[in-house]
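S.K.: A single structure is presented below for examination.
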């Protein structure tokens with residue numbers, strides 16, 4: 001009867017020689033899935049690192065350009081004439097008519113030379129990219145200053161906001177960039193422009 005009992009056992013109790021090795025295949029599939037998940041995590045980490053480096057480079061370039069803008073504003077405030085040497089006269093009353101486009105760095109019709117910010121004033125960009133921030137100042141002319149909508153009653157006579165006569169001021173266009181793009185070598189490149197009234 002013992003032989004009959006062995007023969008009548010269910011299929012799950014068959015000898016090991018009849019098993020097919022499914023556990024090995026499942027283990028290999030799980031190992032492959034875990035490897036793919038790990039590679040995706042490493043790839044995401046590298047991408048985030050590159051994004052952080054690019055963001056840092058962009059912020060540094062923006063701050064360098066702002067430093068050039070401030071340096072140009074100081075140069076305008078220290079001037080003695082409306083359009084001193086080194087400035088480009090783009091005013092309507094210029095003796096030589098110059099077609100001043102919006103970005104003098106890319107103006108192919110004129111050869112504008114830029115002024116570099118000295119290394120004693122701003123050294124961070126010199127160390128980061130090897131190129132100093134640059135700016136170009138253009139004299140746009142003498143125009144009427146718009147009257148403010150609110151008049152100050154406490155200011156002394158003759159000061160802006162109290163004087164009733166028409167006032168005029170010299171206007172300048174400052175274009176600044178964080179460095180020469182041929183020297184930057186593919187790093188972040190920022191160009192800023194503003195109007196300055198003196």
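The values are calculated or read from the model by the stated rules, or taken from the named source; none is laboratory data. Keep in mind that what you see is a predicted model, and the values were worked out from it rather than measured. Virtual Cβ from ideal backbone geometry, glycine too; neighbours counted across all protein chains shown.
S.K.: If a residue must be at pLDDT 90 or above and either assigned to a loop (DSSP other than H, G, I, E, B) or exposed (fewer than 10 other Cβ atoms within 10 Å of the Cβ) (or both), how many such residues does the stretch 54-89 contain?
M.R.: 0
S.K.: Oh, and also: I'd like to check something: does the stretch 38-53 contain any residue that is out of contact with any strand residue (DSSP E or B) (no Cβ under 6 Å at 6 or more places or on another chain), under 28 Å from residue 175 (Cα atoms), touching a residue at least 40 places away in the same chain (Cβ under 8 Å) and in a helix (DSSP H, G or I)?
M.R.: Checked against the condition, which is being out of contact with any strand residue (DSSP E or B) (no Cβ under 6 Å at 6 or more places or on another chain), under 28 Å from residue 175 (Cα atoms), touching a residue at least 40 places away in the same chain (Cβ under 8 Å) and in a helix (DSSP H, G or I), the stretch 38-53 yields no hits at all.
S.K.: For the stretch 90-104, state whether one or more residues are over 24 Å from residue 182 (Cβ atoms), more than 25 Å from the chain's Cα centre (by Cα), surrounded by 13 or more Cβ atoms within 10 Å (Cβ to Cβ) and modelled with pLDDT of 80 or more.
M.R.: Within the stretch 90-104, one or more residues are over 24 Å from residue 182 (Cβ atoms), more than 25 Å from the chain's Cα centre (by Cα), surrounded by 13 or more Cβ atoms within 10 Å (Cβ to Cβ) and modelled with pLDDT of 80 or more.
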